[in-house]
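Worksheet for the structure shown next.
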Number of protein chains: 2
Amino acid sequence: MAARVLQTLLLCNAALMLHLLLPCAGLSLDTVRDFLTREEDTIIFSLIERTRYPLNRPAYDPDYLGAGHGHGHRLNASFAELFVSESEAVQSKAGRYQSLQEIPFFAYRVPFTLAPPYNFTSDLYPAAAFVNVNDAIWSVYFNNLLPLLAKNGDDGNYAVTVDSDLACLQALSRRINYGRFVAEVKYRGDQQTYTSLIQSKDRDALMKLLTSEAQEDVVKRRVEKKAVVFGQSMALGGPTETGVNNSSQATFKVDPSVVYNLYDQWVIPLTKQVEVEYLLHRLD
Amino acid sequence: MAARVLQTLLLCNAALMLHLLLPCAGLSLDTVRDFLTREEDTIIFSLIERTRYPLNRPAYDPDYLGAGHGHGHRLNASFAELFVSESEAVQSKAGRYQSLQEIPFFAYRVPFTLAPPYNFTSDLYPAAAFVNVNDAIWSVYFNNLLPLLAKNGDDGNYAVTVDSDLACLQALSRRINYGRFVAEVKYRGDQQTYTSLIQSKDRDALMKLLTSEAQEDVVKRRVEKKAVVFGQSMALGGPTETGVNNSSQATFKVDPSVVYNLYDQWVIPLTKQVEVEYLLHRLD
């Protein structure tokens, strides 16, 4: 059966190629901003969904499954690593990563997509398109964010739990690595200035040029507000009919300040890191 | 590598068994209502997320991949069917369906979970636990709901699109098939009445006993309101700061009336169908 499925998926990939349109044709500051704003909702929905399950710590413990049973490059893989890499393998066979907006966490373990590579030259500069910070995202998510998100406890539902981790990881990865598209748009808008800074490899000046504290402040306050609105427990009637009950943090499924800090400390800085790295390869 | 992964996942399943706690110990009308209310958010989030992608019709067309390449029982499988069954196979290996709250759509195609079956007798009556309406959910989702949800169009991103279909299907399946738990609680609360109706196989009387139009009306209006609140486009400041901009349906990512009708025409009736079927097997 496996061979037949593989054959079907290969055919499927070939068929996909006929239908791949340019996902970001007409890349502009407006389309980039719209994407980032919409992705905020996806990130917050996924964080809220993860709070349905307790921490389920054994799912992340490399010792839990016993030593020597990891596959690929890591000898001691956790349940979460196995689950994510197996899930990404299916998604890869189905062509998910032919879109430049999607980057797997276990690229090197995933069977190579056998369809011809997608021609993305009109969106991203090919020599810089590889830039991503998925390793940092993985680490931040499991080490810094998850402990703030999930209550202690273990209900044994590791598959649904890690499936919801994967949704968070994919949303964060898409948002942060979208810095490549942001950088491309900014580069095209002021090639002269950027070219000079890229040629002198001036990271600090690039970072400064890419930074707008006022705009970042708007984003951070907006995601905090979205966490309030999307994470409220809603009843019919009463004072919360159309508004939000602000009386207590306890009524929100995800602490809005956690979302504010997520953007402040990780999402925005990592996105800018992607932007700088992309630009440093923009003239390769 | 595949053998090693399988071996690891088997070990993993065995390890899972040690940690499986009773997910619904202390089943009561309150816990059941809390679950159903919380699942509303999950359903609406997943519907909103599906609207990020166009319809992508070829993903659902059995002829798209060419004849004869389906696997399992169906000769002409669509991309969506292949993607869902492959994804469910990974989730099955990881133990997702050991929880009675989760039921796969392609059970017969999924490699059997090799861990010993989970002992669920304290939650559901074993001879009735199999009841589910996943085939109806699949059909309603793709034939009735999806055309109301997704704009016409084809961007070739079939993997992410069907991945988001799967999230909708899983949320709807969990909610509707949770009718088994609802029925169990109701049965325990009034064994005498239910036993008599079950013994006489009186479907109509059971349906009547399980129906509370007032409560159903509350649910329908609440999910409509959640669609308004969760699906709004939010900006900082202005009149929408803490409230909801009701000025136009066009500002909502999913038409709230579609969510109202989803519950009115399918979610609530199918849940009650599950309840009745479960009860009819409750004395087997």
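Every number in this text was worked out from the coordinates using simple rules, so none of it is lab data. No experiment lies behind these values; they were computed from the predicted model shown. Glycine gets a Cβ as well: all are built from the backbone with ideal geometry, and neighbour counts include every protein chain shown.
In terms of the mean number of neighbouring beta-carbon atoms within 10 Å, the peptides A:252-263, A:29-40, B:43-54 order highest first as B:43-54, A:252-263, A:29-40.
Summary for B:D202: label point 7 Å along Cα→Cβ; distances to the equivalent points in the other copies, ascending, 8.7 nm. Among the trypsin sites (Lys or Arg not before Pro) in region B:125-223, those placed in a DSSP loop whose Cβ has at most 10 other Cβ atoms within 10 Å are B:K151, B:K201.
Amide H to amide H distances under 5 Å link B:Q232 with B:K253, where only residues 5 or more positions off or on other chains count and H is placed in the peptide plane.
Relative contact order for region B:144-284: 38 percent, from Cα pairs under 8 Å spaced at least 6 residues apart, divided by residue count. If you take the Cα centroid of region A:81-100 and the Cα centroid of region B:133-157, the two points sit 23 Å apart.
Ranked from shortest, the separations from the 7 Å Cα-to-Cβ label point of B:R33 to its equivalents in the other copies are 4.6 nm.
With respect to the cross-link table entries A:K253/B:K220; A:K151/B:K253; A:K226/B:K93; A:K186/B:K253; A:K253/B:K225, which display a Cα-Cα separation exceeding 25 Å? Where the Cα-Cα span goes over 25 Å, the pairs concerned are A:K151/B:K253; A:K226/B:K93; A:K186/B:K253. Comment: the Cα-to-Cβ extended label point of A:D284, at 7 Å, lies 6.0 nm from its counterparts in the other copies, nearest first.
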